[in-house]
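Heads up, the thing below is written out as structure tokens.
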Amino acid sequence: MPEDDRIIIPYTKKEDKWITGTTISSVQTLQGNIATPPPCEYTRNVPAIVFSSGGSTGNIFHEFTELIIPLFLTSHHFQSRLLMVTNFRLQSMGKYKKIFSHLSRYEVINPAANVSVHCFPGAVVGHHYHDHLAIKTAEIPKGYSMFNFKKFLRYSYNLKIQDSSQTEKPTLILMSRKKSRVFMNEDEMVTMMKALGFRVVVAQPDMMTNMDKFEEIVNSCSILVSAHGAGLTNAVFLPEGAVLVQVMGLGIDWISNTLAFQL
């Protein structure tokens, strides 16, 4: 391999070898003069963002932390509106189709399926990991924050309620878990919540498979209650002024505090 070639892992948490070594394809860049460059079949006038949709997919917390938030920051900072995806996973890309459609003016390119030669004025390969469901504003030239990200989500999903004061009746959503960290007295909890004057929505796991509909439900709520877990990530769709209640189970105090985040 020539000395000026580069191998890049287009994933945020490059240090996690158990992820990048098995589910992430590397990207090779060639620098300098190439003797016989292939002719362009498609020429674009905007830079591309090359990233992987592999890694910790299937978990909304990891998908937002390691994919969606970094993509939001990269596309806005570099004014790029064209996405090229390695390790293309149809389920993940379809799950967040509204987000991707607002990150890119163009159809997402899957190079494994579309082997044509695409030419760009530049490309950003990979993106930067900040923290657990967080944006470090001081590290962003334009000062983007989680507030800007939540505003982007409201726009992408066309969510109507911006502030919790706009809700007609205080609505509480209870994230119901079925396999681990289960509320053994869930029925009694719902009865108590209703007695306190809340309209209660019990979010069953199957409700969360349709992101478009579920996030509208979350956006209509002023309180979200859940045991510690990935489901808490849905709090990013709550309106301003809403309350998040995280129930910490015995023995998971450290991880609950470590992975806590601010709305």
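The values are calculated or read from the model by the stated rules, or taken from the named source; none is laboratory data. Keep in mind it's a predicted model, so treat the numbers as computed, not measured. Cβ coordinates were reconstructed from backbone atoms using ideal geometry, including for glycine residues, and neighbour counts include every protein chain displayed. Just so you know, the surface numbers come from the protein's heavy atoms only, side chains and all, with ligands and any DNA or RNA stripped out. Shrake-Rupley method; radii C 1.70, N 1.55, O 1.52, S 1.80 Å.
Tabulated data
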item	result
Restricting segment 176-192 to residues that are under 25 Å from the mean Cα position of the chain (by Cα) and hydroxyl-bearing (S, T, Y), the residue that is surrounded by the most Cβ atoms within 10 Å (Cβ to Cβ)	S176
Hits in segment 80-94 - residues which are surrounded by fewer than 19 Cβ atoms within 10 Å (Cβ to Cβ), more than 14 Å from L67 (Cβ to Cβ) and touching a residue at least 12 places away in the same chain (Cβ under 8 Å)	R81
Pick from segment 95-125, criterion among the hydrophobic types (A, V, I, L, M, F, W, C) and in contact (Cβ under 8 Å) with a residue 60 or more places away in the chain, ranking: surrounded by the fewest Cβ atoms within 10 Å (Cβ to Cβ)	V117
Enumeration of residues in segment 202-221 that are open to solvent by 20 Å² or more (accessible area, probe 1.4 Å) and touching a residue at least 24 places away in the same chain (Cβ under 8 Å)	V202, Q204, P205, M208, D212, E216, I217, S220
Residue satisfying all of: in segment 138-155; without any contact (Cβ under 8 Å) to a residue 60 or more places away in the chain and open to solvent by 60 Å² or more (accessible area, probe 1.4 Å); farthest from G241 (Cα to Cα) among these	E139
Members of segment 84-105 found to be over 19 Å from N234 (Cβ atoms) and among the hydrophobic types (A, V, I, L, M, F, W, C), listed by number	M84, V85, F88, L90, M93, L103
Selection status of I173, buried (at least 16 other Cβ atoms within 10 Å of the Cβ) and under 20 Å from Y11 (Cα atoms)	no
Residue among H130, H77 that is under 18 Å from the mean Cα position of the chain (by Cα), of a type outside the set (F, W, Y) and open to solvent by 50 Å² or more (accessible area, probe 1.4 Å)	H77
